[in-house]
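Have a look at the structure below, then the notes.
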Amino acid sequence: MKDKRIGFVGLGRMGGNMARCLHGKGYNVAAVFDIDGKVATGLAAEIGATAYTKLADLTTNADIILTVVTNDEAMDAIFFGGDNLLTGAEGRLFINCATLTPSVHQKLDEAARKVGAQCLEACMASSIPQARNGELFLMIGGKEALFESTKPLLDDMSNALHYVGSAGKASQVKALVNMVMNCNTAALAEGLGIGDALGLDLGMLCKVFSQTGANSRVLETDSEDMIQRDHDCYFSAEHAAKDSGIALALAAAQGINAPLAQATFDQYTKLTSMGKGGLDKSGIAELTFQGRS
């Protein structure tokens, strides 16, 4: 697939590094777009791409277009706004990587088919270093035959790749992944906060956690940052609230109560309302460490 022209829409922490990764692996990353034009022109100069100011022009100049935007509203804008990616999109493939409400992916899949284009969901459960190094964990939704034909590109972006079903299914899985991760993060924050109040050695406490039923992937990735109060943003509290909200809506639609997920969602929403939504999700530890949980 290295003969295809690759386009990227959304060049933030994840999208920009995914573009760098594919460029470094020999792909023709030819077209980029970001709502912040300086970000787009800067990345274009770095990797030899062209920064476009109109979405329709990017579609014209790319065969495969990866989108990495923040939420449902941003996705709706780039595909259904006055200037949009579906203009002249016949024959194009869209790989959409954002965590969105599943119905948005289903709507987009149908709209793309009507103009002769195709879509895949490629939901990510990874962070910035994995995006840069081609080590993403990807959950793919869409037509299985399209997944198989696109697999060489997806393999170069990931070290774990799972086809999970039709359009919308990958978003369902991703929402549940993030819901559980957010609950684990909040539980770890509370455990460390209580341990700190008791005067325990937090390094020792984490070692004990790691060897018992308190172990988790979040312990491995976030505990040191929590202890050091280091909240460089890899995945924001605002996004954590958004993703848990998607999972809660899915649960409600099935008549399922999810009180733990609801409590965690409320904590991340509280961070956001305090003007701290831009903190890394491990910033939830501050609510406990500072006695405001």
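Applying the selection to region 78-124, what residues are touching a helix residue (DSSP H, G or I) at 6+ places or on another chain (Cβ under 6 Å), more than 23 Å from Met1 (Cβ to Cβ) and either aliphatic (A, V, I, L, M) or part of a loop (DSSP other than H, G, I, E, B) (or both)?
Asp83, Asn84, Thr87, Thr99, Leu100, Thr101, Val104
Say whether the condition of being surrounded by fewer than 21 Cβ atoms within 10 Å (Cβ to Cβ), out of contact with any helix residue (DSSP H, G or I) (no Cβ under 6 Å at 6 or more places or on another chain) and not in a helix (DSSP H, G or I) is met by at least one residue in region 241-254.
The answer is yes, given that some residue of region 241-254 is surrounded by fewer than 21 Cβ atoms within 10 Å (Cβ to Cβ), out of contact with any helix residue (DSSP H, G or I) (no Cβ under 6 Å at 6 or more places or on another chain) and not in a helix (DSSP H, G or I).
Go through region 75-109 residue by residue and tally those that are touching a residue at least 40 places away in the same chain (Cβ under 8 Å) and surrounded by fewer than 17 Cβ atoms within 10 Å (Cβ to Cβ).
1
How about region 250-268: which of its residues are of a type in the set (S, T, N, Q) and either out of contact with any Ser or Thr (no Cβ under 9 Å at 6 or more places or on another chain) or at pLDDT below 75 (or both)? Can you show your working first?
Initial filter on region 250-268 (of a type in the set (S, T, N, Q)): 254, 257, 262, 264, 267.
Across region 250-268, the qualifying residues are Gln254, Asn257.
Kindly establish whether Lys270 is buried (at least 21 other Cβ atoms within 10 Å of the Cβ) and assigned by TED's automatic domain parsing to the domain that holds Ala186.
Details: buried (at least 21 other Cβ atoms within 10 Å of the Cβ): no; assigned by TED's automatic domain parsing to the domain that holds Ala186: yes.
For Lys270, the condition - buried (at least 21 other Cβ atoms within 10 Å of the Cβ) and assigned by TED's automatic domain parsing to the domain that holds Ala186 - is not met.
Within region 18-44, which residues are over 18 Å from the mean Cα position of the chain (by Cα) and part of a helix (DSSP H, G or I)?
His23, Gly24, Gly37, Lys38, Val39, Ala40, Thr41, Gly42, Leu43, Ala44
Look at Ala89 and say whether it is more than 17 Å from Cys119 (Cβ to Cβ) and hydrophobic (A, V, I, L, M, F, W, C). Full working, then the answer.
Values: more than 17 Å from Cys119 (Cβ to Cβ): no; hydrophobic (A, V, I, L, M, F, W, C): yes.
Spelling it out, it is not the case that Ala89 is more than 17 Å from Cys119 (Cβ to Cβ) and hydrophobic (A, V, I, L, M, F, W, C).
Identify, from the list Lys38, Lys54, Lys4, the residue that is among the basic types (Lys, Arg) and in contact (Cβ under 8 Å) with a residue 60 or more places away in the chain. Lay out the reasoning, then the answer.
On the way: Lys38 fails: in contact (Cβ under 8 Å) with a residue 60 or more places away in the chain; Lys54 fails: in contact (Cβ under 8 Å) with a residue 60 or more places away in the chain.
The match here is Lys4.
Please list, ordered by first then second residue, the pairs with beta carbon atoms under 6 Å, 6 or more apart or interchain, first in region 147-162 and farther than 15 Å from Arg20 by Cα and of a type in the set (A, V, I, L, M), second in a helix (DSSP H, G or I) and at pLDDT 95 or above.
Partner pairs satisfying both residue conditions: Leu161/Leu154.
Condition check ((1) at pLDDT below 95; (2) farther than 30 Å from Ile227 by Cβ) across all residues:
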{"site": "Ser126", "(1), (2)": "yes, no"}
{"site": "Pro129", "(1), (2)": "yes, no"}
{"site": "Lys143", "(1), (2)": "no, yes"}
{"site": "Pro152", "(1), (2)": "no, yes"}
{"site": "Asp156", "(1), (2)": "no, yes"}
{"site": "Ser166", "(1), (2)": "no, yes"}
{"site": "Leu176", "(1), (2)": "no, no"}
{"site": "Cys183", "(1), (2)": "yes, no"}
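Going through region 121-167 one residue at a time, which ones are under 23 Å from Ser103 (Cβ atoms) and acidic (Asp, Glu)?
Glu121, Glu144, listed by residue number.
For region 139-169, name all the residues that are acidic (Asp, Glu) and over 19 Å from Met14 (Cα atoms). Show your work before the answer.
First, the residues of region 139-169 that are acidic (Asp, Glu): 144, 148, 155-156.
Across region 139-169, the qualifying residues are Glu144, Glu148.
Just name the residue that is farthest from the chain's Cα centre (by Cα) out of those in region 144-178 that are of a type in the set (D, E, K, R) and surrounded by 18 or more Cβ atoms within 10 Å (Cβ to Cβ). Can you show your working first?
At the first step, the residues of region 144-178 found to be of a type in the set (D, E, K, R) are 144, 148, 151, 155-156, 169, 174.
Pick out the ones that are also surrounded by 18 or more Cβ atoms within 10 Å (Cβ to Cβ) and you get 169, 174.
On the way: Lys169: 15, Lys174: 9 Å.
Per the criteria, the residue is Lys169.
The values are calculated or read from the model by the stated rules, or taken from the named source; none is laboratory data. Just so we're clear, the structure is a prediction, and the values are computed from it rather than from any experiment. All Cβ positions, even for glycine, are placed from backbone atoms using ideal geometry, and neighbour counts span all protein chains on display.
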